[in-house]
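Inspection log for the structure reproduced underneath, given as structure tokens.
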Amino acid sequence: MSALLMTAAPRRTTRVELLTSEEYRAHLARSGGGAGFLQLPSWAGVKDGWRHQLLGWGPEGGHLTGVGLVLLRPFPGTRKYFAYLPEGPVADWSDPDIDGWLTPLLQHLRAAGAFAVRIGPSPDFRRWNAATLKAHTGAGRRLADVLADDVDPLGTAVAERLRSRGWRRCGGDSTGDSDGADAQPRHVYRVPLAGRSSDDLWKGLNQEWRRNVRKARTSGVEIVVGSAADLPEFFRLLRITEERDGFRLGRSLAYYERQYAVLNAEEPGRMKLYLARHEGETLAAHTMITVGKRVWYQTGASADHRREVRPSNALQWRMLADAHALGADVYDMRGIPSTLDPDDRAHGLLRWKLGTGGQAVETLGEWETPLAGTTNHTLYRAFQAYLARR
């Protein structure tokens, strides 16, 4: 590892270094993990069209205390980059001296040609239990209208520290209801697994979910773990799902094939494809990613017909049970809409996930700042205008 930057911060000197993939993963292993899949070295191989750096930092003469995968998107016609750390960096966000590592990181990125930086701090902001949201479902209502069951003091503190240093929360600060403003979902749904038995998980499902899982079982729905050869079928179902549900992820089959290849090359079994089959036909396909004690349901797809045999419920129950058997602490079902209005088309996704008995979570979302210099600020304003037109 070669030191790229030395900077004096109050009470300590922090070095920022370029790391190899092996050094990066070794730090994650020593520190007990803590990284989401978007901060793994392999994720750089998924993102076509981006450059990247693997960075680490820590006190001079000491061990690394934080790392980050930085994706660098070139600004057309310039030698400047937009720097993006999706759901990162992997750092000690409880450190009150956030400037001790964040300032050197920004200085390094500016020297590398970045005009602005976007980060995704890991602490949560607010959480709502499923029962709370079910009780407050109603016309025109949104998550922000409901008193949270839990407010994370660390998340609140980190938000204030970033805001006081000029960082802007993507989508604004007022309510947290900024569906689509972040590149990654601000609102997610998680099912806690630690300390629970399989019977606890089954009882945590609501009555409708248990009935649907039983229906799939008695109807002869078979759940299998597929392979790369099944990705075209997954993608076919995904296009059907996008058309039916009125959204577009904008991903190609090649994207999912690349994702499957690079994640599993880094660690076999990291990404799995689950298939629900009925009478010889694949009716649903979902992807799952595992990193340490965290498991994510990433993307789901299903056919338009034979939905009465409930293949998606059967898939999720199998994936939830497998995550539990792996010893995972949490099963993250990823993004949810913030609407609690049952007449809103998007509410169906939230209602479906609420049936698993977990928690809706508002993360801190994503934060941006332009880097020092008139040119950087000008490019950042142009970049914001470009995003607003998309």
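The values are calculated or read from the model by the stated rules, or taken from the named source; none is laboratory data. Everything numeric here is computed off the predicted structure, so don't read it as measured data. Cβ sites come from the backbone with ideal geometry, for glycine too, and all protein chains shown count toward neighbours. With ligands, DNA and RNA removed, areas are computed over all heavy atoms of the protein, side chains included. Shrake-Rupley method; radii C 1.70, N 1.55, O 1.52, S 1.80 Å.
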Reported set for the range 291-301 where residues are within 15 Å of Leu349 (Cβ to Cβ), open to solvent by 10 Å² or more (accessible area, probe 1.4 Å) and either small (Gly, Ala, Ser) or over 12 Å from the mean Cα position of the chain (by Cα) (or both) is Gly300
Expected output for the range 106-121 (first residue without any contact (Cβ under 8 Å) to a residue 60 or more places away in the chain, partner open to solvent by 10 Å² or more (accessible area, probe 1.4 Å) and among the hydroxyl-bearing types (Ser, Thr, Tyr), Cβ below 8 Å, 6+ apart or cross-chain) is Ala112/Tyr81; Gly113/Tyr81
- Tell me, please, whether a residue that is closer than 22 Å to Tyr24 by Cβ, loosely packed, with under 15 Cβ neighbours inside 10 Å and either hydroxyl-bearing (Ser, Thr, Tyr) or out of contact with any Pro (no Cβ under 8 Å at 6 or more places or on another chain) (or both) can be found in the range 113-120. no
Over the range 206-227, the set of residues touching a strand residue (DSSP E or B) at 6+ places or on another chain (Cβ under 8 Å) and over 17 Å from Arg318 (Cβ atoms) is none
What about Phe125, is it modelled with pLDDT of 95 or more and within 19 Å of Gln184 (Cα to Cα)?
yes
Filtering helices (runs of 4 or more DSSP H) wholly in the range 61-175 for at least 1 residues that are touching a Phe, Trp or Tyr at 6+ places or on another chain (Cβ under 7 Å), farther than 29 Å from Trp50 by Cα and not hydrophobic (A, V, I, L, M, F, W, C) gives 153-164
Residue set Arg345, Arg310; condition more than 20 Å from the chain's Cα centre (by Cα), farther than 15 Å from Leu201 by Cβ and surrounded by fewer than 16 Cβ atoms within 10 Å (Cβ to Cβ); output residue Arg345
### Task
Would you mind stating whether Ala325 is hydrophobic (A, V, I, L, M, F, W, C) and either buried (at least 20 other Cβ atoms within 10 Å of the Cβ) or more than 23 Å from the chain's Cα centre (by Cα) (or both)?
no
Log entry, pairs with first residue in the range 18-43 being at pLDDT below 95, second being assigned to a helix (DSSP H, G or I) and open to solvent by less than 10 Å² (accessible area, probe 1.4 Å), beta carbons closer than 9 Å, six or more apart or on different chains, reads Leu28/Gln39
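Conditions (1) surrounded by 14 or more Cβ atoms within 10 Å (Cβ to Cβ); (2) not hydroxyl-bearing (Ser, Thr, Tyr), marked per residue:
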{"site": "Ser227", "(1), (2)": "no, no"}
{"site": "Glu243", "(1), (2)": "no, yes"}
{"site": "Gly250", "(1), (2)": "no, yes"}
{"site": "Leu253", "(1), (2)": "yes, yes"}
{"site": "Ala261", "(1), (2)": "yes, yes"}
{"site": "Glu266", "(1), (2)": "yes, yes"}
{"site": "Tyr274", "(1), (2)": "yes, no"}
Pairs returned, first residue in the range 138-159 that is more than 20 Å from Cys170 (Cβ to Cβ) and at pLDDT 95 or above, second residue that is open to solvent by 20 Å² or more (accessible area, probe 1.4 Å) and in a helix (DSSP H, G or I), beta-carbon separation under 7 angstrom, 6 or more apart or interchain, are Val146/Thr132; Asp149/Thr132
Gly62 being free of Cβ contacts under 8 Å to residues at least 40 places away in the same chain, farther than 19 Å from Ala183 by Cβ and of a type outside the set (A, V, I, L, M): yes
The residue from Leu133, Leu154 that alone is hydrophobic (A, V, I, L, M, F, W, C) and either open to solvent by 70 Å² or more (accessible area, probe 1.4 Å) or farther than 29 Å from Phe82 by Cβ (or both) is Leu133
Of (1) open to solvent by 10 Å² or more (accessible area, probe 1.4 Å); (2) of a type in the set (D, E, K, R); (3) out of contact with any helix residue (DSSP H, G or I) (no Cβ under 8 Å at 6 or more places or on another chain), Glu366 satisfies every one except (1)
